[in-house]
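This report concerns only the one structure given below.
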Amino acid sequence: SAFRAEFRLPQDALVIGVVAQMIPRKGHRYLFSALPGLLERYPELQVLVFGQGPLLGELRGDVAARGLDGVVHFTGFRHDLASWIGGLDMLVHPAEMEGLGVSLLQAAAAGVPVITSRAGGLPEAVQDGVTGILCPPGDVDALAAAIDRLAGDPALRHQYGEAGRQRILAEFSIGRMVDGNLALYHQVLGR
């Protein structure tokens with residue numbers, strides 16, 4: 001309830017989050033292209049776009065041109081994102097290229113299932129069919145199908161979210177990072 005009040009969303013909203021700098025390679029336009037068809041099946045869909053960047057004006061124009069003003073909400077950069085990310089029903093990150101994707105790890109740690117592209121280091125952050133869904137970069141139909149699959153299956157969202165949370169605890173904790181770095185140092189030093 002606090003999450004929905006903070007972002008002025010209806011209580012029955014199915015909330016997709018996007019956390020990304022507003023630059024071309026982040027792929028916001030692919031999500032916006034997928035939304036009209038999805039809204040026919042899921043009129044309760046709402047999208048929160050977290051971030052800022054040079055494409056903000058262009059992305060706002062794209063949203064307006066598609067008649068999505070009441071569906072897509074630009075929240076800007078939030079210093080308190082970690083407090084709110086767990087309120088999302090899913091995180092969608094349709095990037096064309098990316099390193100690891102810290103926002104994907106944050107979402108997974110909060111138990112949120114992730115849909116992203118099979119690009120760059122993103123498959124390291126999301127296990128396809130286990131913690132989320134990987135799509136070919138730039139494939140609007142595949143992205144729409146992945147969103148449709150999670151939107152229509154709350155149990156699957158929960159399953160992926162919980163698996164993602166457990167994976168973060170097991171593989172991406174600070175202790176695990178320290179152990180990995182120490183092992184690398186020992187290897188490089190020949191010990």
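The values are calculated or read from the model by the stated rules, or taken from the named source; none is laboratory data. Remember, it's a predicted structure, so these values are computed and weren't measured experimentally. When we count neighbours, we look across all protein chains shown, and the Cβ atoms used for this are built from the backbone with ideal geometry, even at glycine.
Among the residues of the range 134-144, are any assigned to a loop (DSSP other than H, G, I, E, B) and under 11 Å from the mean Cα position of the chain (by Cα)? Scanning the range 134-144 turns up no residue that is assigned to a loop (DSSP other than H, G, I, E, B) and under 11 Å from the mean Cα position of the chain (by Cα). Within the range 143-164, can one find any residue that is out of contact with any Cys (no Cβ under 6 Å at 6 or more places or on another chain), at pLDDT below 95 and either among the β-branched types (Val, Ile, Thr) or farther than 12 Å from MET90 by Cβ (or both)? No; the residues of the range 143-164 include none that is out of contact with any Cys (no Cβ under 6 Å at 6 or more places or on another chain), at pLDDT below 95 and either among the β-branched types (Val, Ile, Thr) or farther than 12 Å from MET90 by Cβ (or both).
Counted as qualifying within the range 5-119 are the helices (runs of 4 or more DSSP H) with 1 or more residues that are among the β-branched types (Val, Ile, Thr), namely 56-65, 102-109. Condition first: more than 15 Å from the chain's Cα centre (by Cα) and within 21 Å of LEU56 (Cβ to Cβ). Now tell me which residues in the range 79-92 satisfy that. Across the range 79-92, the qualifying residues are HIS79, ASP80. From the list GLY175, GLY101, the one residue that fits, being surrounded by fewer than 20 Cβ atoms within 10 Å (Cβ to Cβ) and either free of Cβ contacts under 8 Å to residues at least 24 places away in the same chain or not acidic (Asp, Glu) (or both), is GLY175.
Residues that are farther than 20 Å from GLU40 by Cα, without any contact (Cβ under 8 Å) to a residue 60 or more places away in the chain and of a type outside the set (Val, Ile, Thr) within the range 125-159 comprise ALA125, GLN127, ASP128, GLY129, GLY132, LEU134, CYS135, PRO136, ALA155, LEU156, HIS158, GLN159, listed in sequence order. Is the range 153-162 home to any residue that is assigned to a helix (DSSP H, G or I), of a type in the set (Lys, Arg) and more than 15 Å from the chain's Cα centre (by Cα)? Within the range 153-162, not a single residue is assigned to a helix (DSSP H, G or I), of a type in the set (Lys, Arg) and more than 15 Å from the chain's Cα centre (by Cα).
Annotation: of all residues in the range 64-88 being surrounded by 20 or more Cβ atoms within 10 Å (Cβ to Cβ) and in contact with a helix residue (DSSP H, G or I) (Cβ under 6 Å, 6 or more places away or on another chain), the one that is farthest from LEU38 (Cα to Cα) is ILE85.
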